[in-house]
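Data first, discussion second: the structure below is written as structure tokens.
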Amino acid sequence: MTSHERGLSQPPFTRLRRCFVPGERAGHQVTTAHFQAVYPAVAEAGLGSEGVYIGRDMHGGSFVYDPWLLYARGVLNDANTLVIGRPDFGKSSLSKTWLLRSRLFGRRGEIVDLKGEYEPLVRALGGTVIRLTPGGGTRLNPLTRIGRRELRENLLEAIAKAMLNRPLSQAEAIGLTAALEAADLASDGAEVSIPDVIEQLRHPTAQLADRLGVSPHSAQEELREVALALQRLCQGPLRGMFDGPTTAGEDVFDSPVISLDLSEITDGVAAVNLPIAIAMVCAVAFLDAKRVERADRAQRLGYEVEKTIRINDEAWRALPIAGLGDYYQAAFKLSRKTGVQHWLVLHRISDLRAAGDEGSRQQRLAEGLLADASTTIIYRQHAQELPLSTEALGLSETERDLIGSLEQGVALWRVGGRSFEVRHLLSDLEWELIDTDQAMGSRAPLGFA
Ligand SMILES: Nc1ncnc2c1ncn2[C@@H]1O[C@H](COP(=O)(O)OP(=O)(O)O)[C@@H](O)[C@H]1O
Ligand SMILES: [Mg+2]
């Protein structure tokens, strides 16, 4: 595609510079008030001039965005962002340039990359790519001790529920937490990983059984299924990835941009794929653990923690799975404390509302995620998705029509209840780094060890 076709007509350098000089607004011929009267709800004054340049507000000005700044100004309740849209309308392109441009403001980046499409960008930013392959050389321990017990407990519970494909019984929920505690105690300070927890579930101590109010033998019976479910994580398509101490060197995680490439995990072609989803959640848990560690260190040494952008492209694969969506929601809730922007990429709102026997729970989850993401960026939606999107996002009729007909690269940004129609603009250099969909398909493995 040529620059001209992308709607850009200036030489690359001019455009690149423009990307980083936010704030200019072309003069309108009418006032904003006039605009709003004619075209309600999608004609607002911008979000100010400070922030990362995104592109052009369709009403003439530059559009800049910085969720932390807007949070500080009281415009947003949180920094989290949902990017929603049909495939091929520009979600990943935006996600990549958002990270690239934010690096200039000193933001860190963490990416869970299901398609292996972020690598050129990450390398250009001097970051690190960790590629996970079944039985491969790199292992990440999602149970790395992070000082926040609830995250590890949430993770175990999320994985167990997802593997069992049902909610946990009371005994299983208590047993899992108790087994993690017992494994920590037994490890004498060494790193605990999932097989250690399985061991505790399979051979419950008298103390653990006491927590359940039954004999060790009965405890073993009650916990058998959950032990087997976790056991499956150590076999099949996920074997060797999350089931032992971390093998990648510690310094890797101090990299300003780190991407966990999960593109080698392929098991079947189902849209919602359990191994991929579990790998995503384990990867996310691991990154959370590392970030909390960094934040604690920063606090100890008295410097400010850098803000982090966490991009979960293709997050729709994990969210509908019992347990995994809840895990995301818990992470969303913590983001204010930990300086993270969760940036989730989905196809449609209904990705958050999977049907099934957990329908109402999923609906609460969807509402929770939407409530904890003050920014929603909506690319083109299928006609049948329009009623749900309109209702869930509280869109006007005009906006509803708009999201059904948006062209590539243009999105409706809902920022703390305000709406902007924005064309995302990229420089030629950026296109080179991010438009990698085809090129990446045939890439040789990195062989990271
Ligand atoms: N801002 C944009 N302006 C023009 N075309 C774009 C823009 N963003 C993306 N595209 C086009 O759309 C294609 C798909 O973009 P991508 O970001 O991979 O979509 P998605 O992640 O939504 O599937 C790109 O290869 C590019 O040709
Ligand atoms: Mg994409």
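Every number here is computed from the coordinates shown, using simple stated rules; none is lab data. For clarity, every value in this text was computed on a predicted model and none was experimentally measured. All Cβ positions, even for glycine, are placed from backbone atoms using ideal geometry, and neighbour counts span all protein chains on display.
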TODO: Sum up the charges of everything whose Cβ sits under 13 Å from the Cβ of GLU225, counting Lys and Arg as +1 and Asp and Glu as -1, but leave GLU225 out.
DONE: +2
Open item on the list: What are the ³J(HN,Hα) couplings of region 395-408, residue after residue, when phi is run through the Karplus curve with 6.51, -1.76, 1.60 and θ = phi - 60°? Round to Hz, x for glycine and proline.
Closed with: 7, 7, 4, 4, 5, 4, 5, 4, 5, x, 9, 4, 8, 3
- [ ] Would you mind checking the pairs LYS91/LYS115; LYS96/LYS290; LYS161/LYS333; LYS115/LYS333 and listing those with alpha carbons more than 25 angstrom apart?
- [x] LYS115/LYS333
Open item on the list: Please list, ordered by chain and number, the residues whose modelled amide H lies under 5 Å from the amide H of ARG348; skip anything fewer than 5 residues away on the same chain.
Closed with: GLY85
Task: Karplus 3J(HN,Hα) series, Hz, for region 104-114 with 6.51 cos²θ - 1.76 cosθ + 1.60 (x for Gly, Pro) - done: 5, 9, x, 6, 8, x, 10, 10, 9, 10, 7
Task: Directionally averaged projected area (convex hull, Cα atoms, region 149-237), nm² - done: 5.5
- [ ] May I ask you to evaluate 6.51 cos²θ - 1.76 cosθ + 1.60, the Karplus curve with θ = phi - 60°, for each residue of region 53-66 and list the ³J(HN,Hα) values in order in whole Hz, giving x for glycine and proline?
- [x] 5, 10, x, 10, 5, 5, 9, x, x, 6, 10, 10, 8, 8
- [ ] Taking H placed 1.01 Å from N in the peptide plane, check which residues at least 5 places from PHE63 or on another chain put their amide H under 5 Å from its amide H.
- [x] ILE54, GLY55, ARG56, ASP57
TODO: Classify region 97-226 as rounded, prolate or oblate from the Cα gyration tensor: take a ≥ b ≥ c as the square roots of its eigenvalues, call it rounded if a/c is under 1.5, otherwise prolate when a/b beats b/c and oblate if not.
DONE: prolate
Task: Spacing of the two label points (7 Å from each Cα toward its C-beta) at GLU367 and ASP188, in nm - done: 5.1
Task: Local electrostatic count, VAL410, Cβ distance below 9 Å [Lys/Arg +1, Asp/Glu -1] - done: 0
Task: Amide H partners (placed H, <5 Å) of LYS307, local residues excluded - done: ARG108
TODO: Could you grab the relative contact order for region 73-208? Cα pairs under 8 Å, six or more apart, rounded to a whole percent.
DONE: 15
